[in-house]
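To start, the structure itself, in structure tokens.
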Amino acid sequence: MDTNVSQLWHMSRDFIPAVDVIEPDGGEGWPLVFGLPHSGRYYPDSFVQAAREALPVLRSTEDAYVDDLIGFSQDMDIRCVRAVYGRSFVDVNRDPRELDARLIKGALPRDALTQTLRVRSGFGVIPRCLSGQREIHLHPIGIDEAKVRIARVHAPYHHALNYLLRQGCAQFGTIMFIDWHSMPSTTQAGGSRKLPDIVLGDLYGETCAPELTRFVKKQLEAQGLKVGLNMPFAGGYNMETYGKPHRGVHALQIEINRGIYMDEATLERTAGFATLKAALASVIEALKTFRLGTP
């Protein structure tokens, strides 16, 4: 067995199902779909062993505990998909063609997007870097390994999300897609500017009706949270791909400041976690009763 085949074989034994999906009991539910693309906590052993950094550092890119904050469980009665794998292994909030030639060796597909800002920064679908331009992999990976990761992790997530969105549109005609994320407490460049508690992203009004953004902002502010719009996070691949109001999908990204609920260095929850969870529960309950077209 040659080296590449051996590596792929060992990696394949590490794979587990890539997504957790919730569908409302009885098929009713609400005109809502939730996405959790970066809440995954699973990292294949073969990946960790071949990484430059230890597992706690690899986990620093996770949207840690966001799934817990919004109460991810069958009891929430909302269509929801959660990624299982950690973001530093595969980023499902990227175009699957965003391949980094500095990391991936071999002939890339002709339609590969090698020069997007995300790829040039090291944050393609197979990330090359963590924050601060810290390299993830000890050695480059082959194109075959990249294809396996995308097929086993990225594709199932988007298959599930597409299914839930189609199902919701078929039932309600128009639905709201909320993509849940977390963000550092300060800007990346030097950490000098503190960010709001929440940043809402709608690609500057492109991905949803303005009344949805206004409603969520109002509900969050009623819970005492400071809310920003589109800066510095307006929305990523999922917003670009699925936020199509003219097709009945109104998409809004919600970025939660990690500093208000966890210790960013240790990844431990702080006393603010329970308070924030209760606040988000109230916002989610309000979203269930909101209907687009409301002033």
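The values are calculated or read from the model by the stated rules, or taken from the named source; none is laboratory data. Treat the numbers as computed from the prediction; the structure is a model and nothing was measured. Quick reminder, even Gly has a Cβ in these numbers, built from the backbone with ideal geometry, and neighbours come from all protein chains shown. Just so you know, the surface numbers come from the protein's heavy atoms only, side chains and all, with ligands and any DNA or RNA stripped out. Shrake-Rupley method; radii C 1.70, N 1.55, O 1.52, S 1.80 Å.
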Which sequence of GLU28, GLU211, GLU264, GLU98 reflects their accessible areas, 1.4 Å probe, from the largest down? GLU28, GLU264, GLU211, GLU98
What does DSSP give for the chain in terms of the percent of beta bridges that are antiparallel, rounded to the nearest 5? 40
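Using 0.36 nm times the number of residues separating SER185 and ARG214, minus their current alpha carbon distance, what extension gain do you get? Before the final figure, lay out the partial values.
Working: separation 29, 0.36 × 29 = 10.44 nm, distance 2.31 nm.
Full extension from SER185 to ARG214 adds 8.1 nm.
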Across all directions of projection, what mean area in square nanometres is found for the Cα convex hull of the chain? 15.6
Give me the percent of DSSP beta bridges within the range 15-97 that run antiparallel, rounded to the nearest 5. 45
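Given an 8 Å cut-off on Cα distances and at least 6 residues of separation, report the relative contact order of the range 138-291 as a percent.
Numbers: 204 pairs, mean separation 41.1, N = 154.
Computed value for the range 138-291: 27 percent relative contact order.
I need to check one value: relative contact order of the chain, counting alpha carbon pairs closer than 8 Å and at least 6 residues apart, in percent.
Details: 542 pairs, mean separation 57.9, N = 295.
Relative CO of the chain lands at 20 percent.
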At R0 = 30 Å, how high is the FRET efficiency between ASN230 and ARG41 if r is their beta carbon distance? Nearest 0.05 is fine. 0.55
I want to verify a result. In a Gaussian network model of the chain, Cα cutoff 10 Å, which of these has the top mean-square fluctuation: CYS169, CYS80, CYS208? CYS169
Do the sum for the chain: with -39,500 (n - 2.57) for every DSSP H run of n ≥ 4, divided by all residues, what is the mean residue ellipticity at 222 nm, to the nearest 500 deg cm²/dmol? -8500 deg cm²/dmol
Roughly what would the spin-label model give for VAL48 and ALA265, points 7 Å off Cα along C-beta, in nm? 2.3
Determine the alpha carbon to alpha carbon distance for each of LYS244/LYS288; LYS194/LYS218; LYS147/LYS194; LYS147/LYS217; LYS226/LYS288; LYS194/LYS244 and list only those over 30 Å. LYS147/LYS194; LYS147/LYS217; LYS194/LYS244
Starting from 0 in steps of 5 Å, tell me what percent of the Cα-Cα pairs of the range 121-265 lands in each bin. 2, 8, 15, 17, 17, 16, 13, 8, 3, 1, 0
Non-local residues with an amide H under 5 Å from the amide H of ILE136, with H modelled 1.01 Å from N and Pro and chain starts lacking one, are CYS129, LEU130
